[in-house]
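The values are calculated or read from the model by the stated rules, or taken from the named source; none is laboratory data. Because the structure is a prediction, the values reported are computed rather than measured. Methodologically, a virtual Cβ is constructed for each residue, glycine included, from the backbone with ideal geometry; neighbour enumeration extends over all protein chains shown. We work out accessible area using only protein heavy atoms, side chains counted, and drop any ligands, DNA or RNA first. Shrake-Rupley method; radii C 1.70, N 1.55, O 1.52, S 1.80 Å.
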Amino acid sequence: MKAPISWLKDYVDIDVDINTLEERLVSIGFEVEDIIDFSDKFSGVVVCEILSIDKHPNADKLSVCEVDIGEKQLQIVTNAKNIRVGDKVPVALDGAVLSDGTHIKDGELRGVKSKGMFCGGEELGANDSVYPNASFDGVLVLDSNERIGESMINVLGFDDAVLDINITANRPDCNSIYGVAREVAVALGKKCKPLDCSYIVNGIQNTANMVTVEVVDSDLCPNYFMQGVTDVTVKPSPLWMTRRLFKVGLHGISNIVDITNYVLFELGQPMHAFDHDNIKDRTIIVRRALSGEKIIPLDEKEYVLDKDILVIADKSKPVGLAGIMGGLNSGISQATSTVVFESAVFKKENIRKSAKKLGLRSDSSARFEKGVESYTADMALSRALHLIQLLNCGIVTAGRIAIGEEIHSERQVSFKYSRISKILGISIDENLSSKILESLNIRTSITDGVINCIVPPYRQDIDKDCDIIEEIIRVYGYDNIQSTLLENVKVTVGGINVSHKEQFAVRDILAGAGYNEIITYSFGNKNAYTKMLFNDKYKDNLIRINNPLGEDMAYLRATLACNMLNTIAFNLSKKNKDFALYEFGRCFFAKSLPLIEQPKEITMLCMSITGENSNFFCLKKAVDLVLAHFMLPYKIKRSELCYLHPGKSADIILANGEVIGSFGELHPTVLDYFDIRSTVSICELNFDRLIALSAADSFKFHRISKYPSSKRDFAFVIDSKISVGDILETVKDISPLIESIDLFDIYNGGGLSAINKKSVAFSITLTSYDATLKDSEIDNVSDSIVEELRKKFGAKLRDN
């Protein structure tokens with residue numbers, strides 16, 4: 001909600017600067033999103049009077065002018081054709097900054113010095129709503145009464161600021177200048193001046209004789225008000241009105257239209273002015289549209305309607321979209337002589353749906369969607385008629401057509417005063433509470449421990465005791481609430497559970513390894529499991545949500561890999577090429593379907609690496625880091641998981657034989673289904689089981705050997721189907737002297753003695769904790785490795 005300070009000052013004596021006012025509004029619960037300072041639009045531009053105009057000696061299209069800026073005279077070179085001696089125009093001086101950011105400096109044009117530049121309305125960010133003829137494509141010629149040397153900021157009324165306030169959904173009464181003014185008065189401890197809605201009627205003409213109104217669908221229009229104006233003179237509105245509309249984002253159109261827009265922002269009540277001559281049979285009908293009915297509103301586009309859209313119609317056609325926009329066929333023109341003003345209450349849900357369905361939103365629909373009430377609707381019509389007489393542009397007819405429910409009136413809310421301290425936990429003096437409520441126009445009395453509040457009709461958000469208490473505390477100040485413990489509670493030591501503690505630890509590890517965390521939804525699309533090659537039996541066990549947001553989020557996830565792959569595909573589509581990701585999340589498994597008990601929830605860890613260096617072994621480094629944190633030794637065997645590459649994947653098997661997860665490169669078919677054009681390796685681990693089986697607390701340590709270690713390298717030729725992991729596991733068990741094994745090469749190219757063979761090269765480190773190793777001991781271990789691998793796998797030492 002944009003609220004110009006100059007407009008607010010009509011109702012409240014604002015004697016603080018703009019920043020202090022912002023702080024005061026925030027303190028009573030209103031968020032000021034922005035302060036728009038119009039005085040910053042430009043600088044260094046003043047009023048000058050043209051003393052002489054001479055032809056430029058070196059350019060036919062330029063003129064040399066002598067101007068008076070009050071304190072001195074300057075020479076200006078210009079190409080303007082709409083100026084003459086004696087005119088007063090804006091001149092930008094040396095160092096000036098225009099509204100588009102252009103900096104003005106003294107210069108020389110075709111050999112003649114110029115001490116500035118004449119300005120038009122465009123250079124000053126102004127149009128006809130701000131100053132007459134400011135939209136003209138040329139120099140802005142000012143009124144002869146403007147003072148020479150005066151800043152154009154003052155001349156254009158830009159010595160003002162606008163508060164852009166975020167109005168919460170429960171305060172539609174503040175979606176208006178006057179509503180904000182009431183709150184400004186509370187924030188500053190001032191009185192808010194009453195709004196003048198008085199007008200004099202013509203006793204001869206009566207609105208009921210001018211037009212007949214029928215509300216067919218009262219469920220969508222609970223209140224409808226209408227009153228006429230005759231002898232209308234359509235002309236431009238005065239500057240004070242158009243300047244205010246300009247500052248809230250509108251342009252002046254004509255006095256009648258501007259009045260409806262002015263009231264829209266001043267009171268938050270949308271209105272419409274009908275040209276009486278364009279209403280067929282002088283009848284207004286508020287009804288649902290007929291299916292297929294068409295209308296061309298003021299935006300000059302044709303819309304096809306259906307039976308759920310409310311329209312204002314005459315006897316033959318719709319003349320307006322109720323609560324959204326008036327029809328082009330009923331708008332005000334220069335020929336308009338009689339007008340009927342409409343002010344109504346429409347059901348907000350219907351307006352919101354209709355505006356969305358038509359793709360047509362307006363300032364009016366925005367107000368109706370938040371809610372308006374009949375008290376303000378009735379007052380807004382009176383205010384519009386007051387403005388008609390203030391602008392002297394018509395005669396108000398007698399009689400107001402008012403159809404619908406009873407107009408909202410004051411209502412009483414009463415409760416025990418002790419309820420305030422019970423809710424807030426602090427005591428507030430009765431006189432102070434009464435003073436606060438009175439400042440909010442809530443008449444208050446306290447008798448025998450009971451507080452009686454008379455709530456004004458425009459505060460439809462106040463319905464019960466807690467609403468009154470909320471009003472008291474927001475003005476009294478939330479900072480005055482002291483932190484205290486609830487009754488019968490004890491202070492407990494906070495903390496996090498083991499799972500969260502371990503997740504934080506693993507996050508640090510993976511962040512150090514270059515991985516970034518992602519967070520995705522706990523549900524997804526069943527089709528994603530098809531793309532990951534899961535069979536029908538697996539997909540049939542997925543848990544469907546009863547009220548999904550859509551089919552893309554209809555099933556609880558049974559793996560983190562689906563959302564991980566969607567995230568990878570999305571990043572690749574945005575030209576992110578090399579990245580490593582991980583996610584912690586719960587997966588859900590049903591014991592049986594349909595569900596008769598809560599599904600089993602398992603916390604999983606998914607890791608992936610994408611790009612040029614995203615092969616099996618790169619991801620294995622991350623797996624090693626995570627399992628090393630839990631001090632869990634493991635071995636691997638070829639995986640048969642459907643979405644992993646059959647030759648470049650492995651299951652992770654712990655010492656107890658349990659498969660804790662799988663990792664490897666993605667299956668080529670899965671890559672195609674997800675439209676991924678890059679190598680991707682992915683891993684998924686059962687994090688709950690990692691924690692449960694963790695040996696970190698019971699792991700035993702031994703001293704570092706003081707004797708030197710010895711290394712030996714081996715290269716064996718084995719069948720290509722034999723797992724390298726099985727080779728390494730066998731070697732590890734041959735002798736206790738083997739401290740570590742490091743694989744450094746796998747080769748299956750040319751030069752081998754037979755096809756379907758591969759070369760596996762590794763080094764072993766031998767260590768003794770009792771004495772220096774003898775050559776014979778090292779040889780025995782080496783011989784045992786060669787013999788054991790020969791017998792078990794048919795391995796042969798590579799001879800080249």
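For residues in segment 642-660 being in a strand (DSSP E or B) and of a type in the set (A, V, I, L, M), which is farthest from R689 (Cα to Cα)?
Top of the filtered list is L644.
Taking the stated definitions as given, is R703 outside any loop (DSSP other than H, G, I, E, B), at negative phi and of a type outside the set (F, W, Y)?
Judged against the criteria, R703 is not a match.
Among the numbered criteria (1) open to solvent by less than 10 Å² (accessible area, probe 1.4 Å); (2) of a type outside the set (S, T, Y); (3) within 38 Å of the chain's Cα centre (by Cα), which one does L644 miss?
(3)
Residue check: is S608 open to solvent by 10 Å² or more (accessible area, probe 1.4 Å) and within 18 Å of M532 (Cα to Cα)?
So S608 does not fit the description; no.
Considering only segment 512-535, state which residues are open to solvent by 30 Å² or more (accessible area, probe 1.4 Å), more than 10 Å from N563 (Cα to Cα) and outside any strand (DSSP E or B).
Within segment 512-535, G512, A513, G514, K526, N527, T530, K531, L533, N535 meet the criteria.
Answer yes or no as to whether N488 is loosely packed, with under 10 Cβ neighbours inside 10 Å, of a type in the set (S, T, N, Q) and not assigned by TED's automatic domain parsing to the domain that holds S608.
yes
Considering each residue of segment 68-87, count those that are part of a strand (DSSP E or B), within 51 Å of the chain's Cα centre (by Cα) and within 19 Å of N145 (Cβ to Cβ), and give that number.
0
Given the criteria open to solvent by less than 60 Å² (accessible area, probe 1.4 Å) and in contact (Cβ under 8 Å) with a residue 60 or more places away in the chain, does Y458 qualify?
The answer is yes for Y458.
For segment 321-338, which residues satisfy the criterion of being of a type in the set (A, V, I, L, M) and within 20 Å of Q269 (Cβ to Cβ)?
Listed by number, the residues that qualify are L321, A322, I324, M325, I332.
Count, please, the residues in segment 546-574 that happen to be at pLDDT below 90 and part of a loop (DSSP other than H, G, I, E, B).
5
With the requirement that a residue be of a type in the set (S, T, Y) and either farther than 17 Å from P599 by Cα or in contact with a Gly (Cβ under 6 Å, 6 or more places away or on another chain) (or both), what does segment 527-554 give you?
Of everything in segment 527-554, those that are of a type in the set (S, T, Y) and either farther than 17 Å from P599 by Cα or in contact with a Gly (Cβ under 6 Å, 6 or more places away or on another chain) (or both) turn out to be Y529, T530.
Yes or no: R557 closer than 23 Å to L641 by Cβ and surrounded by 20 or more Cβ atoms within 10 Å (Cβ to Cβ)?
In short, yes.
Of the conditions (1) closer than 26 Å to D672 by Cα; (2) in contact with a Pro (Cβ under 6 Å, 6 or more places away or on another chain), A590 fails just one. Which one is it?
Every listed condition holds for A590 apart from (1).
What number of residues in segment 185-227 are under 16 Å from D314 (Cα atoms) and among the small types (G, A, S)?
Residues in segment 185-227 being under 16 Å from D314 (Cα atoms) and among the small types (G, A, S): 1 in total.
Does at least one position in segment 693-701 carry a residue that is farther than 30 Å from S768 by Cβ and surrounded by 15 or more Cβ atoms within 10 Å (Cβ to Cβ)?
Yes, segment 693-701 contains a residue that is farther than 30 Å from S768 by Cβ and surrounded by 15 or more Cβ atoms within 10 Å (Cβ to Cβ).
Testing K9 on (1) in contact (Cβ under 8 Å) with a residue 24 or more places away in the chain; (2) surrounded by 14 or more Cβ atoms within 10 Å (Cβ to Cβ), one condition comes back false. Which one is that?
Every listed condition holds for K9 apart from (1).
Identify all residues within segment 577-605 that are more than 17 Å from L542 (Cβ to Cβ) and open to solvent by 70 Å² or more (accessible area, probe 1.4 Å); write none if there are none.
Correct list: K577, D578.
Can you pull out the residues in segment 627-641 that are among the hydrophobic types (A, V, I, L, M, F, W, C), touching a residue at least 12 places away in the same chain (Cβ under 8 Å) and more than 18 Å from T559 (Cβ to Cβ)?
L627, F630, M631, L632, I636
Considering only residues that are more than 22 Å from I746 (Cα to Cα) and without any contact (Cβ under 8 Å) to a residue 24 or more places away in the chain, look in segment 599-621 and name the one that is nearest to the chain's Cα centre (by Cα).
Checking each candidate, the answer is E601.
What number of residues in segment 575-598 are touching a residue at least 40 places away in the same chain (Cβ under 8 Å) and either in a strand (DSSP E or B) or outside the structural domain of F523 (by TED's automatic domain parsing) (or both)?
10
In segment 152-190, how many are at positive phi and within 24 Å of the chain's Cα centre (by Cα)?
Summing the residues that are at positive phi and within 24 Å of the chain's Cα centre (by Cα) in segment 152-190 gives 0.
Mind counting the residues in segment 131-171 that are open to solvent by 40 Å² or more (accessible area, probe 1.4 Å) and among the basic types (K, R)?
Within segment 131-171, residues that are open to solvent by 40 Å² or more (accessible area, probe 1.4 Å) and among the basic types (K, R) number 1.
Out of (1) touching a residue at least 40 places away in the same chain (Cβ under 8 Å); (2) closer than 30 Å to G121 by Cα, the odd one out for L298 is which?
Failing condition for L298: (1).
Looking only at residues in segment 716-740 that are part of a strand (DSSP E or B), in contact (Cβ under 8 Å) with a residue 40 or more places away in the chain and of a type outside the set (A, V, I, L, M), which one is nearest to L773 (Cα to Cα)?
Looking at the filtered set, the residue picked out is F716.
Given the structure, is G661 without any contact (Cβ under 8 Å) to a residue 60 or more places away in the chain and in contact with a Cys (Cβ under 7 Å, 6 or more places away or on another chain)?
When the stated conditions are applied, G661 passes them.
One line per residue, one yes/no per condition, for (1) touching a Lys or Arg at 6+ places or on another chain (Cβ under 8 Å); (2) without any contact (Cβ under 8 Å) to a residue 24 or more places away in the chain; (3) closer than 22 Å to D363 by Cα:
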| residue | (1), (2), (3) |
| --- | --- |
| V180 | no, no, yes |
| N202 | no, no, no |
| Q205 | no, no, no |
| K235 | no, no, no |
| H251 | no, no, yes |
| S254 | yes, no, yes |
| V257 | no, no, yes |
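For segment 521-565, how many residues are farther than 20 Å from V670 by Cα and among the β-branched types (V, I, T)?
So the answer is 2.
Quick check on my filter: what residues within segment 26-42 are touching a Ser or Thr at 6+ places or on another chain (Cβ under 9 Å) and crowded, with 18+ Cβ neighbours inside 10 Å?
If the condition is that a residue be touching a Ser or Thr at 6+ places or on another chain (Cβ under 9 Å) and crowded, with 18+ Cβ neighbours inside 10 Å, then F30, K41, F42 are the ones that fit.
Any idea how many residues of segment 742-800 are out of contact with any Gly (no Cβ under 8 Å at 6 or more places or on another chain), of a type outside the set (K, R) and assigned to a loop (DSSP other than H, G, I, E, B)?
Qualifying residue count, segment 742-800: 19.
When you scan segment 161-273 for helices (runs of 4 or more DSSP H) that lie fully inside it, which ones turn up with 3 or more residues that are in contact with a helix residue (DSSP H, G or I) (Cβ under 9 Å, 6 or more places away or on another chain)?
Result: 177-188, 239-247, 255-267.
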